[in-house]
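Asks: Handing you a structure now.
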Amino acid sequence: ERLDRLADAIEGADSTVALTGAGVSTASGIPDFRGEDGIWNAEFDPGDFRIERFLSDPAGFWVDRLELHEAMFPGEVGPNAAHEALATMESRGALDALITQNTDGLHAEAGSKELFELHGNANRVVCMDCGRKNDAAPVRERVREGERPPRCDCGGLVKPDVVLFGESLPEAIMAESRRRAEESDVFLAVGSSLTVEPAASLPRIAARDGLLAVCNLDPTPHDGVAEVVLREDVTEVLPALVDRLP
Ligand code: OAD
């Protein structure tokens with residue numbers, strides 16, 4: 001069986017690395033972007049969330065951002081079985097690094113430690129002038145109350161601490177992720193459409209001389225180079241994988 005084969009490969013690997021996307025959080029009640037009920041298929045236009053838009057119209061950006069936030073986080077959210085399984089794998093020595101495109105902070109909440117948040121964290125904001133980072137919730141409240149755009153104590157514009165379209169990824173985190181992908185013997189790409197660069201290049205790098213496993217409900221552009229393709233629910237596959245590890 002494919003899962004047994006994957007578990008054996010992980011057991012024999014010096015390094016196993018995982019890359020996650022929005023699909024690991026759908027079971028927590030957070031919609032993904034390009035899946036069946038994805039955010040970008042619905043009433044939102046990714047063009048409204050570009051860095052150029054933030055810089056030219058920060059007040060309008062924040063109004064749209066608030067709406068996006070409410071669509072993505074309709075209620076209290078917490079980690080699900082997929083986040084828990086990845087944290088368990090790490091604590092059992094079966095996962096060396098977890099690279100995520102998600103900004104929801106749920107991997108950290110589940111207890112993952114060697115975690116690389118490639119696209120930042122939506123629970124924080126960052127000042128474009130002084131670089132200070134703060135909790136996002138009070139800032140969203142200020143926007144709701146009419147402070148548009150919200151500003152830092154220093155007077156600078158405040159931006160969600162996430163990578164917007166058109167922005168480059170934090171260089172050190174991307175370089176380290178690339179290195180981990182290159183060194184990995186087993187690379188798990190889970191719950192991601194693998195369509196957004198440069199994160200999407202990591203599975204390809206890993207597949208050059210390692211085993212690539214893709215677990216995603218929809219097909220991805222990397223399925224062809226993957227040795228294992230599981231078109232199944234991550235909240236079932238990852239716990240089942242944990243059950244097969246020693
Ligand atoms: P996508 O929405 O592009 O892909 C999520 C994938 O998860 C889809 O292909 C779904 O089929 C799959 N999926 C959903 N639920 C699943 C489940 N329970 N089990 C298995 N698969 C499931 O999300 P990402 O690939 O993460 O950018 O998108 C990458 C980036 O594009 C995001 O980080 C975001 C977005 O614009 C930024 O925030 C910068």
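Just so it is clear, none of the values below were taken in a lab; they were calculated from the coordinates. Owing to the predicted nature of the structure, the values given are computational and were not obtained by experimental measurement. Cβ coordinates were reconstructed from backbone atoms using ideal geometry, including for glycine residues, and neighbour counts include every protein chain displayed.
Asks: For a test of the definition: using alpha carbon positions, the gyration tensor, and the 1.5 limit on a/c, classify segment 114-246 as rounded, prolate or oblate. Can you show the working numbers first?
Replies: Details: a/c = 2.72, a/b = 2.12, b/c = 1.29.
Judged from the Cα gyration tensor, segment 114-246 comes out prolate (a/c at least 1.5, a/b above b/c).
Asks: On C-alpha positions alone, give me the angle between the axis of helix 81-91 and the longest principal axis of the chain, in degrees, nearest 10.
Replies: Around 70 degrees separate the two axes.
Asks: Let me know the charge dipole size of segment 1-112 about its Cα centre in debye, to the nearest 20, where only the beta-carbon of Lys, Arg (+1) and Asp, Glu (-1) is charged. Intermediate values should be presented prior to the final figure.
Replies: Details: 7 positive and 22 negative charges, 39 e Å.
Approximately 180 debye in magnitude.
Asks: Give, as ranges by residue number, the residues of segment 150-166 whose backbone N falls under 19 Å from the point 7 Å along Cα→Cβ of Val63.
Replies: Within reach of a label on Val63: 150-151, 158-160.
Asks: Have a look at the DSSP beta bridges in the chain and tell me what percent are antiparallel, nearest 5.
Replies: About 30 percent, rounded to the nearest 5.
Asks: Each residue of segment 175-185 in order: what ³J(HN,Hα) in whole Hz does its phi give by Karplus 6.51 cos²θ - 1.76 cosθ + 1.60, θ = phi - 60°, with x for Gly and Pro?
Replies: Coupling constants for segment 175-185: 4, 5, 5, 4, 4, 4, 5, 4, 7, 6, 8 Hz.
Asks: Here's another thing I want to ask about it. From the square roots a ≥ b ≥ c of the eigenvalues of the alpha-carbon gyration tensor of segment 105-146, which class results: rounded (a/c under 1.5), prolate (a/b over b/c), or oblate?
Replies: oblate
Asks: Another question, if that's okay. Measure out, as a whole number of angstrom, how far apart the alpha-carbon centroids of segment 73-135 and segment 14-69 sit.
Replies: 15 Å
Asks: Would segment 1-125 count as rounded, prolate or oblate if I go by the C-alpha gyration tensor, calling it rounded below 1.5 in a/c and otherwise prolate when a/b exceeds b/c, oblate otherwise?
Replies: Since a/c reaches 1.5 and a/b is larger than b/c, the shape of segment 1-125 is classed as prolate.
Asks: Let me ask you something else. Describe numerically, in nm with one decimal, the distance between label points set 7 Å from Cα along Cα→Cβ at Ser56 and at Ala172.
Replies: Computed distance between label sites Ser56 and Ala172 equals 3.3 nm.
Asks: Run the simple label-point estimate for Cys154 and Glu1 please: 7 Å along Cα→C-beta, distance reported in nm.
Replies: Distance between label points: 5.5 nm.
Asks: From the Cα trace of the chain, what convex hull volume per residue do you get, rounded to a whole Å³?
Replies: 116 Å³
Asks: May I ask you to order 98-107, 217-226, 42-51, 192-201 by the average number of other C-beta atoms within 10 Å around their residues, highest value first?
Replies: 98-107, 192-201, 217-226, 42-51
Asks: Determine, from the Cβ-Cβ distance of Val225 and Lys133 and an R0 of 35 Å, the FRET efficiency 1/(1 + (r/R0)^6), rounded to the nearest 0.05.
Replies: Numbers: r = 37 Å, r/R0 = 1.07.
Plugging the Cβ-Cβ distance into 1/(1 + (r/R0)^6) gives 0.40.
Asks: Same structure, new question: For the chain, what's the relative contact order in percent, using C-alpha pairs closer than 8 Å and at least 6 residues apart? Please report the intermediate quantities before stating the final value.
Replies: Numbers: 445 pairs, mean separation 61.6, N = 246.
It rounds to 25 percent for the chain.
Asks: So how much slack lies between Glu109 and Asp37, counting 0.36 nm per residue of separation and subtracting their Cα-Cα distance, in nm?
Replies: Additional length available on full extension: 23.4 nm.
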